[in-house]
């Protein structure tokens, strides 16, 4: 197999630190922050806090051919105390607007044992108490996602 990739380089810009308040939707809050700050390219460096509910998406099967659709995905809703162990992802531009693509690693207690879950963040993750999120803006790189002919999905630098 040949290694294939598309590459761009840039540098660090502003660091944005946010504390999300109780009851906030984690993903919608991140989306609103990047829109308000005019951020079009960024890395989600980290995130910690506590959720009372999480909505996650994962890929459960690979299709015979692209694109991956909801038939290949599993959606999980968890309503219990969930520690945010980490957030990762990026901010790019999709159809001219800033877009947050984020994944989370979470832990919860089940039968007195700690369980770790994770996946793609979907709207509906409710903050309990607080969440702290750290973003690093990227300068000198246009992070634009558009339709990739091969995968039939929006991809960076397609």
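Rule-based calculations on the coordinates, nothing more; no lab input. None of the values given here were measured: they were computed from a predicted structure. Positions of Cβ are backbone-derived with ideal geometry, glycine not excepted, and every protein chain shown enters the neighbour counts.
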**Report entry** D (Stokes-Einstein, µm²/s), Kirkwood Cα radius, the range 47-158, 1.306 mPa s at 10 °C
**Finding:** 101 µm²/s
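Compute the orientation-averaged projected area for the range 1-111 from the convex hull of its Cα atoms and round it to one decimal in nm². All intermediate terms of the calculation are to be shown ahead of the outcome.
On the way: hull surface 40.9 nm².
That works out to 10.2 nm², a quarter of the Cα hull's surface.
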Report summary line: Check: C-alpha center the range 137-158 vs C-alpha center the range 35-51, spacing in Å is 18 Å
Query raised in the report: Hey, rough spin-label estimate for residue 14 and residue 1, points 7 angstrom out along Cα→Cβ, what's it come to in nanometres?
Result: 3.9 nm
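Give, in nm to one decimal, the length gained when the segment between residue 69 and residue 107 is fully stretched (0.36 nm per residue of separation minus the Cα-Cα distance).
Between residue 69 and residue 107, full extension yields 11.0 nm more.
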Report task. Sort 41-53, 10-22 for me by packing, meaning the mean count of neighbouring Cβ atoms within 10 Å per residue, highest on top. Result -> 41-53, 10-22
**Report entry** Helix-only [θ]222 nm of the chain, DSSP H runs n ≥ 4, -39500 (n - 2.57) each, per residue, nearest 500
**Finding:** -2500 deg cm²/dmol
Query - Virtual spin-label span in nm between residue 45 and residue 59, 7 Å along Cα→Cβ - result: 2.9 nm
